[in-house]
Amino acid sequence: MEEKKYNKIVIVSLYEKFSTLVAKKISNDLGMLFCSARELIAYEIMDRKLIEERCSVEYLKKQEERVLRNLASYENVCISISYERFMEGCELFQKDSIVVFIDLPKTYIKQKSKISFIRFEERQARLEQNSTFSIKVRKVDVDLIKNKILKQLGGIL
């Protein structure tokens, strides 16, 4: 059996800002590049509203997909990505990536985020299914979570 080779780490949760904080710390500790999918899309597609008005929503979606495909080809990078973007490009990121799902407490997400809680369990289950491993969080502490992830990565990297 051939051992799978990974060339990037993808950090995802139901609260993207938290994922970004953790991904930045992990990339720093491991000497990797850091990339926020949200920031990269904003940089590559500077005026979304204008593109939507002058071209079409379909064209805008194709441009976003192009950026995600490009991001998925990066190596030696730790990526933070939102649930929605991850699910759009799930198969792209699963190929050569270690996908880490940070399973944050529902109460924390409810305080910090604007996601619909009607689909909370569904989203949680989809991330669980599509990740390499998940970190169940009780105490929301960036350094604690980072250390748990690094410990788990030790057996994979």
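No lab work stands behind these numbers, since they all come straight from the coordinates. All values derive from a computational prediction rather than experimental measurement. Here the Cβ is made from the backbone with ideal geometry for all residues, glycine too, and neighbour counts use every protein chain on show.
Which entry in (1) 56, 27, 21; (2) 59, 36, 26; (3) 48, 39, 30 matches Cα extents along the principal axes in Å derived from the coordinates of this structure?
Given (1) 56, 27, 21; (2) 59, 36, 26; (3) 48, 39, 30, the calculated one carries the label (3).
What does the helix-only formula give at 222 nm for the chain: each DSSP H stretch with n ≥ 4 adding -39500 (n - 2.57), the total divided by the residues, and the result rounded to the nearest 500 deg cm²/dmol?
Result for the chain: -16000 deg cm²/dmol, rounded to the nearest 500.
For the range 44-58, what does the Karplus curve 6.51 cos²θ - 1.76 cosθ + 1.60, with θ = phi - 60°, yield as ³J(HN,Hα) per residue in whole Hz, taken in order and with x for Gly and Pro?
These are the phi-based 3J(HN,Hα) values: 6, 10, 5, 10, 4, 4, 5, 4, 4, 5, 7, 9, 5, 5, 4 Hz.
Can you put Thr107, Thr132 in order of Cβ neighbours within 10 angstrom, beginning with the fewest?
Fewest-to-most ranking of Thr107, Thr132: Thr107, Thr132.
If you average the sequence gap of Cα pairs under 8 Å that are 6 or more apart and divide by the length of the chain, what percent do you get for the contact order?
This gives 35 percent for the chain.
From the phi of every residue in the range 27-34, what ³J(HN,Hα) in whole Hz does the Karplus formula 6.51 cos²θ - 1.76 cosθ + 1.60 yield, where θ is phi - 60° and glycine or proline is x?
4, 5, 5, 9, x, 9, 6, 10
Number of Lys pairs in the range 1-91 with C-alpha atoms less than 15 angstrom apart, excluding same-chain neighbours closer than eight positions?
Taking the range 1-91 as the scope, the lysine pair count is 5.
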